[in-house]
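Everything below concerns the one structure shown next.
The values are calculated or read from the model by the stated rules, or taken from the named source; none is laboratory data. All values derive from a computational prediction rather than experimental measurement. Using ideal geometry, Cβ is built from the backbone for each residue, glycine included, and neighbour counts are taken over all protein chains shown. Side chains are part of the model used for accessible areas, which takes the heavy atoms of the whole protein and leaves out ligands, DNA and RNA. Shrake-Rupley method; radii C 1.70, N 1.55, O 1.52, S 1.80 Å.
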Amino acid sequence: MYKLIINGGIVLNGHIKAAGSKNSSLPILFASILANGPIILTNTPHLSDVSTTLRLLMDMGAEFILESDNSLFVDSSKLTNLVAQYNLVKTMRASILALGPMLTKYGKAKISLPGGCAIGSRPVNLHLKALENLGAFIKVENGYIYATAKKLIGTEIHFDQISVTATENIIMAATLATGTTTIHNAAQEPEIVDLVNCLIKMGAKISGAGTSIITIEGVDELSGVTYAVCPDRIEAGTYLIAAAITGGKITIKNVCYQSMRAILAKLLETGADIKTEKNSITLDMQGKRPKAVNIKTSTYPNFPTDMQAQFTALNAIADGCSTITETIFENRFMHIPELSRMGANLTLEDNTVTCKGVKSLTGAHLMATDLRASASLVLAGLAATGTTTIERVYHLDRGYETIEEKLKLLGAQIERVQD
Ligand code: UD1
């Protein structure tokens with residue numbers, strides 16, 4: 001097991017490049033099941049969630065090659081085993097994204113139920129109900145979803161609740177269905193737009209992505225494609241906070257700032273100076289202590305739940321009192337007790353944290369619990385005085401490519417060591 005050791009209190013300065021988006025790469029890799037030839041993906045991040053997806057696809061009969069130019073060649077066009085096993089699904093809930101593509105292309109799929117995770121129960125009822133609306137027969141037995149359909153038939157889908165991966169699953173299922181599917185109350189995240197752009201390049205007929213109503217006209221087949229994944233807005237947002245929390249100045253290249261407006265608006269409120277250019281963002285905190293900001297998570301284009309923990313770390317050392325309200329996941333506060341151990345003044349009641357900013361945090365021995373909670377501990381460690389040790393960094397490796405290398409480029413003192 002690896003841990004990170006951070007000597008905090010260093011002002012970060014410099015330039016880094018954002019990675020490709022995790023939450024785009026995963027659905028697009030599952031979309032490779034729909035194609036009748038290989039896909040070549042560029043700008044894919046090096047993350048354990050991407051490796052898990054590739055292992056899952058390989059287990060089903062796909063082949064992949066990581067090319068010397070870092071692009072990923074994936075041929076999932078002829079799957080031989082239409083089963084997503086528990087041992088892989090349990091490590092990554094996004095595995096449910098195999099369901100729509102397998103079912104629509106092969107007429108059947110068997111996928112382990114993902115189960116809960118550290119941030120909440122995370123059911124998949126919306127995925128299953130919408131697939132039933134498209135004509136699938138679904139039964140859940142022994143922890144597995146068994147889905148069959150001679151041919152999915154396009155229809156009107158009304159999601160009771162907005163879900164990112166359910167929207168993606170149904171878009172993919174509808175691409176090869178007979179007739180037209182209209183999804184109402186669809187998620188509007190930029191990663192959905194990225195998936196749809198890729199599917200359109202493969203020959204799908206889809207309109208409305210990025211709005212709450214998406215229409216998909218089924219086609220007979222989809223082809224292979226070469227596609228560049230969009231930049232990761234959550235990774236970029238996390239590094240911007242690393243600059244803000246240490247009073248530094250950094251530039252991040254390879255970003256799409258248009259998809260980060262809610263995050264940038266909050267960073268501006270902290271007192272940071274922010275400049276955006278075509279593909280880059282510069283944040284300059286000019287050595288100042290950030291001002292505390294109130295946060296309420298919501299669906300896109302509002303403030304993302306995936307940035308809540310990182311802003312909690314920022315508020316912990318900010319000037320003033322703030323509230324942080326989580327409305328998407330019921331238990332996304334695993335970082336609170338750990339930040340409190342560093343001296344943060346945080347009180348959790350229901351789904352709201354009240355934070356009284358303290359002047360400084362002190363380094364401590366901490367346990368990473370889930371992906372974004374772990375990122376908040378790294379940020380707190382960068383700002384704290386003394387040494388912070390973070391155990392179980394495999395959570396971070398799910399969503400941050402070479403995090404310690406990027407932070408070192410910005411001047412941080414951070415090392416990964418093996419137990
Ligand atoms: C995706 C993102 C994740 C992000 C989340 C919310 C990927 C791979 N992951 O996760 O990083 O934090 O969106 O922006 O893109 N729900 C149900 N029933 C369902 C599905 C969801 O009740 O069938 C609930 C969930 O428990 C949660 C809410 O809907 O309370 C939103 O979850 P959802 O948008 O589905 O999250 P994911 O797509 O799993």
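Has segment 182-193 got at least one residue that is surrounded by fewer than 22 Cβ atoms within 10 Å (Cβ to Cβ) and part of a strand (DSSP E or B)?
Looking through segment 182-193, at least one residue is surrounded by fewer than 22 Cβ atoms within 10 Å (Cβ to Cβ) and part of a strand (DSSP E or B).
Only one of these conditions is not met by residue 33: (1) more than 13 Å from the ligand (Cβ to nearest atom); (2) assigned to a loop (DSSP other than H, G, I, E, B); (3) not charged (D, E, K, R). Which number is it?
(2)
Looking at this structure, is residue 182 over 18 Å from the mean Cα position of the chain (by Cα) and without any contact (Cβ under 8 Å) to a residue 24 or more places away in the chain?
No; evaluated as a whole, the condition is false for this residue.
Considering only residues that are in contact with a Gly (Cβ under 8 Å, 6 or more places away or on another chain), closer than 19 Å to residue 96 by Cα and of a type in the set (Gly, Ala, Ser), which ones fall in segment 147-180?
The answer is 149, 173, 174, 177.
Scan the helices (runs of 4 or more DSSP H) fully inside segment 341-419 and keep the ones with 3 or more residues being within 16 Å of the ligand (Cβ to nearest atom) and either open to solvent by less than 10 Å² (accessible area, probe 1.4 Å) or on the phi > 0 side of the Ramachandran plot (or both).
Output list reads 371-383.
In this structure, is residue 55 open to solvent by 30 Å² or more (accessible area, probe 1.4 Å), within 13 Å of the ligand (Cβ to nearest atom) and of a type in the set (Lys, Arg)?
The answer is no for residue 55.
The rows are residues; the columns are (1) farther than 23 Å from residue 192 by Cα; (2) within 16 Å of the ligand (Cβ to nearest atom); (3) open to solvent by 10 Å² or more (accessible area, probe 1.4 Å); (4) touching a residue at least 60 places away in the same chain (Cβ under 8 Å).
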{"site": "107", "(1), (2), (3), (4)": "yes, no, yes, no"}
{"site": "128", "(1), (2), (3), (4)": "no, yes, yes, no"}
{"site": "143", "(1), (2), (3), (4)": "yes, no, yes, no"}
{"site": "156", "(1), (2), (3), (4)": "no, no, yes, no"}
{"site": "166", "(1), (2), (3), (4)": "no, yes, no, no"}
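Can you tell me which of 72, 12, 66 is without any contact (Cβ under 8 Å) to a residue 12 or more places away in the chain and more than 28 Å from residue 125 (Cβ to Cβ)?
Answer to the check: 66.
Which of the residues spanning segment 253-274 are open to solvent by 30 Å² or more (accessible area, probe 1.4 Å) and either more than 20 Å from residue 406 (Cβ to Cβ) or touching a His at 6+ places or on another chain (Cβ under 8 Å) (or both)?
Answer for segment 253-274, where residues must be open to solvent by 30 Å² or more (accessible area, probe 1.4 Å) and either more than 20 Å from residue 406 (Cβ to Cβ) or touching a His at 6+ places or on another chain (Cβ under 8 Å) (or both): 253, 258, 261, 265, 266, 268, 269, 273.
Which residue pairs have Cβ atoms closer than 8 Å, lie 6 or more positions apart in sequence or on different chains, and pair a first residue in segment 325-345 that is free of Cβ contacts under 8 Å to residues at least 40 places away in the same chain with a second residue that is of a type in the set (Phe, Trp, Tyr)?
326/333
For segment 130-141: of the residues being within 13 Å of the ligand (Cβ to nearest atom) and without any contact (Cβ under 8 Å) to a residue 24 or more places away in the chain, which is surrounded by the most Cβ atoms within 10 Å (Cβ to Cβ)?
Taking the candidates together, the pick is 138.
Pairs under 6 Å by beta carbon, first residue on the phi < 0 side of the Ramachandran plot and assigned to a helix (DSSP H, G or I) in segment 237-266, partner open to solvent by less than 10 Å² (accessible area, probe 1.4 Å) and hydroxyl-bearing (Ser, Thr, Tyr), six or more apart or different chains?
Once the first residue is on the phi < 0 side of the Ramachandran plot and assigned to a helix (DSSP H, G or I) and sits in segment 237-266, its partners that are open to solvent by less than 10 Å² (accessible area, probe 1.4 Å) and hydroxyl-bearing (Ser, Thr, Tyr) give 244/270.
Residue 323 passes all but one of (1) closer than 25 Å to residue 348 by Cα; (2) touching a helix residue (DSSP H, G or I) at 6+ places or on another chain (Cβ under 6 Å); (3) not aliphatic (A, V, I, L, M); which number fails?
Of (1) closer than 25 Å to residue 348 by Cα; (2) touching a helix residue (DSSP H, G or I) at 6+ places or on another chain (Cβ under 6 Å); (3) not aliphatic (A, V, I, L, M), only one is false for residue 323: (2).
Name the residues in segment 308-320 that are in contact with a strand residue (DSSP E or B) (Cβ under 8 Å, 6 or more places away or on another chain), of a type outside the set (S, T, N, Q) and within 16 Å of the ligand (Cβ to nearest atom), would you?
Of everything in segment 308-320, just one residue is in contact with a strand residue (DSSP E or B) (Cβ under 8 Å, 6 or more places away or on another chain), of a type outside the set (S, T, N, Q) and within 16 Å of the ligand (Cβ to nearest atom), namely 311.
Which residues, taken from segment 58-83, are more than 25 Å from residue 18 (Cβ to Cβ) and touching a Ser or Thr at 6+ places or on another chain (Cβ under 6 Å)?
Selection gives 61, 62, 76.
Can you tell me which residue within segment 36-52, out of those that are in contact (Cβ under 8 Å) with a residue 40 or more places away in the chain and within 16 Å of the ligand (Cβ to nearest atom), is most open to solvent (accessible area, probe 1.4 Å)?
48
Out of curiosity, is residue 213 under 20 Å from residue 300 (Cα atoms) and touching a helix residue (DSSP H, G or I) at 6+ places or on another chain (Cβ under 9 Å)?
no
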